Structure formats: structure tokens, C-alpha cells
Amino acid sequence: MTETKLNADPAELKKFSDLAHRWWDPKGAFRPLHQLNPVRLEWIEGQTALAGRSVVDVGCGGGILSEAMSARGAQVLGIDLAGKPLQVARLHALESGASVTYEAISAEDLARERPGQFDLVTCMEMLEHVPDPAQTIAACAQLAKPGGLVLFSTINRNPRSFLFAIVGAEYVLRLLPRGTHEYARFIRPSELARGARAAGLEVEKVTGMHYNPLAGRFWLNADTGINYLMGCRRPA
Ligand code: SAH
């Protein structure tokens, strides 16, 4: 874990660039993200008001969440290291009129440039694609203002999550392209919480996310066995 080595996996970034043209297709490769978006937006607004807040969306991809937070009145900077998703995000914002800013920069580099500047840091469905999640978690913590929030979502690692998030989603139902997720990269809530605490964050909330692919519907509850959200705060 050196400071100069980029904490990114080129094969992972390529995967997202190859799919980027379909990012905003509600029936395309990112359909689950579209279906999840209203639910997670609601959850975020349950943690903090968005209007007038400065937000950085780490691993923003094509900007589904970035645009939604901006529409709620936040000033959003979306960052990612995959080129094509960012191009798609910029084009989409032009079309939709969303005033999101996008930048190709790592969370670590942005944390060095603009430490402690954001009321809210979101890092959703991204940590499970990164070689060293602890380093990304630490960068997210550094980006938050004292008293600010850092909100993560990712996928738990256990036989059930293997069955649902990989076998079910990629092979049986084909909701996601095969190879989207790698089991070994999934992160247990205890591991994410440990990383967050090591980065000086307080863990405030852990919520499970559930999906009924037939109904195309997500909902939240206490079962964090597969997908989950974790809300953390940088102490004031
Ligand atoms: N957060 C968005 C997109 C999730 S897809 C959402 O939930 O809607 C995962 C994103 O993480 C992709 O856009 C991918 O390019 C990005 N990503 C993967 N590794 C990354 C890294 N090391 N640094 C920054 N972004 C990364």
C-alpha cells in the first residue's frame, strides 16, 4: 500500500468502460442500479438533507446517483477512474441539465487535494471493485468535513451472497453481465466497519438491501446478508 501506486484494477475499470454506452438504459446492464436508486436516495436523505450540501460521489460511473442527489439540491462532484463512464455521465448531464461536475481522479488524490471539504461522501457499489478497499475507505474519510457523513454500499461475503449476487444475478437471471462481481472481493460488514474505524470514522448505521428481480423492486431491512449500506460519520 504505497501512496504512489494507483489503487485501481485496470481490468475492473475496463469492464465498466465496455458497458458504459448502456449506463442510462433502464433495461440495460445497469438496470439494478436504476431500480435501486430511489431507495438508496431515500436512505441517504434519511441520514442528511441534501439541499445545499457539498457532496463527492466516489466511483460515480455514469452518474445515476450523482444526478439524483443533484436534483435534490446538492452540489455534486462525481469522480471515477474509468474514462467512458465519465464521458457518458457528462453527456447525460448536458442532456438532462443536471449541474454535476465530473472528474477523472482517484479518491486518494482528491483527498490530498481537497481534504475535509465535503459535507457528504458517497461510495456506492464501488469498494468491491477496488484492490485495496481500506485505502479507499481512508480516502473517503479524509474527504469528509469534520462532522460530515460517509456512506458506503457494497456486497457481503458468505455462501448466500455468492448464491444470490453471483449465481442468481449473473448466471440464472442474467441481471448483470457474467464476471461483474468477484466473490473474493466482497466485503463483510465487520470488515467495512473495521476499515471505517481505522480511518477515524464512527459507524452509525448498517442497513440491508434486498431485491426482487421479478418485481424489479428493492427494499431495505435489517438483514445485511447480501447487499448492504453503511452510514459513517467523521467526528466533529
Ligand atoms: N457508484 C455508482 C456506480 C457503481 S459501478 C452507482 O452506484 O450508481 C462501480 C464504479 O466504480 C464504476 O464506475 C467503476 O469505474 C468504478 N471504479 C472501480 N474501481 C475504481 C477505482 N479504483 N477508483 C474509482 N472508481 C472505480
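The values are calculated or read from the model by the stated rules, or taken from the named source; none is laboratory data. Please read these numbers as outputs of a predicted model, since none were measured by experiment. Glycine gets a Cβ as well: all are built from the backbone with ideal geometry, and neighbour counts include every protein chain shown.
Quick notes on this structure:
- Region 20-43, residues that are part of a helix (DSSP H, G or I), within 10 Å of the ligand (Cβ to nearest atom) and at pLDDT 95 or above: Ala20, Leu33, His34, Leu36, Asn37, Arg40
- The requirement of being surrounded by 16 or more Cβ atoms within 10 Å (Cβ to Cβ), within 12 Å of the ligand (Cβ to nearest atom) and not in a helix (DSSP H, G or I) is fulfilled nowhere in region 182-205; no residue meets it.
- Scanning region 44-101 for residues that are in a strand (DSSP E or B) and within 11 Å of the ligand (Cβ to nearest atom) turns up Asp57, Val58, Gly78, Ile79, Asp80.
- Checking each residue in region 102-124 for being acidic (Asp, Glu), touching a helix residue (DSSP H, G or I) at 6+ places or on another chain (Cβ under 9 Å) and part of a strand (DSSP E or B) picks out only Glu103.
- Scanning region 206-236 for residues that are outside any strand (DSSP E or B) and within 17 Å of the chain's Cα centre (by Cα), we see that the one that is farthest from Lys145 (Cα to Cα) is Ile226.
- Those residues of region 169-190 which are without any contact (Cβ under 8 Å) to a residue 40 or more places away in the chain and over 18 Å from Leu19 (Cβ atoms), in sequence order: Val172, Tyr183, Ala184, Arg188, Ser190
- Near pairs, Cβ below 6 angstrom, 6+ apart or cross-chain, from region 209-236 (within 17 Å of Ser190 (Cβ to Cβ)) to any residue that is outside any strand (DSSP E or B) and acidic (Asp, Glu): none
- Residue within region 1-18 that is buried (at least 17 other Cβ atoms within 10 Å of the Cβ), in a loop (DSSP other than H, G, I, E, B), touching a residue at least 12 places away in the same chain (Cβ under 8 Å) and more than 7 Å from the ligand (Cβ to nearest atom) present: no
- Scanning region 112-132 for residues that are surrounded by 24 or more Cβ atoms within 10 Å (Cβ to Cβ) and either more than 10 Å from the ligand (Cβ to nearest atom) or not hydrophobic (A, V, I, L, M, F, W, C) (or both) yields Phe118, Leu120, Val121, Thr122.
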